[in-house]
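Enquirer: If you scroll down you'll find the structure; I have some questions about it.
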Amino acid sequence: MTSDTPAPFGIDPAVATAARIYDYWLGGHDNFAADRIAALKITEAAPEAPLLARQNRAFLGRAVGYLAADAGITQFLDLGTGLPTRGNVHEIAQRVNPGSRVVYVDNDPMVAAHSRALKTGAGVAVVHADLRDPDAILAKPDTRRLIDFSAPVAILFVAVLHFISDTDGPHAIARRYLDAAPPGSCLVISHVTSDPSRQTAADVAAVYAGTANPATPRTRARIAAFFDCLDMIEPGLVPVPQWRPGQPGQHDPGKGWLIGGIGRKPA
């Protein structure tokens, strides 16, 4: 989508969004000039940002594959799903088990429009809502239709919780979704950490402050707190390329901006 392409109704192309910046880094076309400008400013502060976007997408694929194949989970609540691309959650899960069910949730109108067009088929629904309102999302007809909360469910917050401010209480929000899920359910999180360099994290956050989605990078300890009272799946909370990689590779600790993991709710 180019800057002279008319924007869909309700979408302001002059204000960058996290979803469209991410789409640009992944080589997508659902972004505008404002998104590309913001993305370039971020890469000036953190040149590895486009690589991290791809690594995060790969982490999502491996996490969903593990949950569907090894953990036996067949229902997924994907919160802050972002713009659709290759390897969406339902495609990976239904490849393992065709009966898998997925509810995608996002409050970005462009995400909602594109997702409804592309994420179709049996066992898939798209909910246009704000993940900061768990009770409303859990009560949505599509959520109740596809997710059986008496059976284990995977709750996905992939590269989204750093867009929830401390004021909004991200830990309490995540806990509310977990409280609705039975033992055996899993929480999947990837999150930007400020640990490699507080200054760089601040520089990146300053760019996001001028977008529709201000960012709040957190320390590893604050990210680990999302998994309190959960049993961590090996290898625990690690930089996303180190979470069960398909093949060994080298990792630069100074570029470990995005860490992720899976926790299981115990009995």
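The values are calculated or read from the model by the stated rules, or taken from the named source; none is laboratory data. What you see is a predicted model, and the numbers here were worked out from it, not measured in a lab. Positions of Cβ are generated from backbone atoms using ideal geometry, with glycine treated the same way; all protein chains shown enter the neighbour counts. The protein model used for the area step is the full one, side chains on, heavy atoms only, and it has no ligands, DNA or RNA in it. Shrake-Rupley method; radii C 1.70, N 1.55, O 1.52, S 1.80 Å.
Enquirer: Give the Kirkwood hydrodynamic radius (Å, one decimal) of the chain, defined as one over the mean of 1/r across all pairs of different Cα atoms.
Expert: Working: mean 1/r = 0.0538 Å⁻¹.
It works out to 18.6 Å.
Enquirer: Need one number: nm distance between label points at ALA58 and ARG116, each 7 Å from Cα along Cα→Cβ, rounded to one decimal.
Expert: 3.5
Enquirer: Tell me the label-point distance for the pair ASP166, ALA151, using the 7 Å Cα-to-Cβ offset, in nm and rounded to one decimal.
Expert: 4.1
Enquirer: What does the convex hull of the alpha-carbon atoms of the stretch 161-231 project to on average, in nm²? Kindly include the intermediate steps, with their values, before the conclusion.
Expert: On the way: hull surface 21.1 nm².
For the stretch 161-231, the mean projected area of the Cα convex hull comes to 5.3 nm².
Enquirer: Let me ask you something else. Under the rule of -39500 (n - 2.57) per DSSP H run of 4 or more residues, summed and divided by the residues of the chain, what mean residue ellipticity at 222 nm is obtained, to the nearest 500 deg cm²/dmol?
Expert: Working: 10 runs with 98 residues, N = 267.
That calculation yields -10500 deg cm²/dmol at 222 nm.
Enquirer: If you stretched the chain out fully between ASN97 and ASP70, how much longer would it get, using 0.36 nm times the residue separation minus the C-alpha to C-alpha distance? Don't skip to the answer; put the middle values down first.
Expert: Working: separation 27, 0.36 × 27 = 9.72 nm, distance 1.14 nm.
Gain on stretching ASN97 to ASP70: 8.6 nm.
Enquirer: Another question, if that's okay. Putting +1 on Lys and Arg Cβ atoms and -1 on Asp and Glu Cβ atoms, find which of ALA71, CYS186, LEU131 reaches farthest to the positive end of the dipole of the chain.
Expert: Going by the charge dipole, the pick is ALA71.
Enquirer: Can you tell me the FRET efficiency between ALA206 and VAL15 if r is taken as the Cβ-Cβ distance and R0 is 25 Å, rounded to the nearest 0.05?
Expert: On the way: r = 16 Å, r/R0 = 0.64.
According to the calculation, E is roughly 0.95.
Enquirer: In Å², what does the accessible area per residue of the stretch 21-112 work out to with a 1.4 Å probe?
Expert: On the way: 3380 Å² over 92 residues.
Here the residues of the stretch 21-112 average 37 Å² of exposed surface.
Enquirer: Along the Cα-to-Cβ line of GLU44, 7 Å from the Cα, sits a label point; which residues in the stretch 186-217 have backbone N less than 12 Å from it?
Expert: Residues passing the 12 Å test: 204, 207.
Enquirer: How much of the DSSP beta bridge set in the chain is antiparallel, as a percent to the nearest 5? List each step's numbers first, then the result.
Expert: Values: 11 of 30 bridges.
Close to 35 percent.
Enquirer: For a test of the definition: using alpha carbon positions, the gyration tensor, and the 1.5 limit on a/c, classify the stretch 11-123 as rounded, prolate or oblate.
Expert: On the way: a/c = 3.00, a/b = 1.64, b/c = 1.83.
Cα axes put the stretch 11-123 in the oblate bin.
Enquirer: Leaving ligands, DNA and RNA out of it, work out the accessible area of SER165 with a 1.4 Å probe and give it in Å² to the nearest 10.
Expert: Ignoring ligands and nucleic acids, SER165 comes out at about 40 Å².
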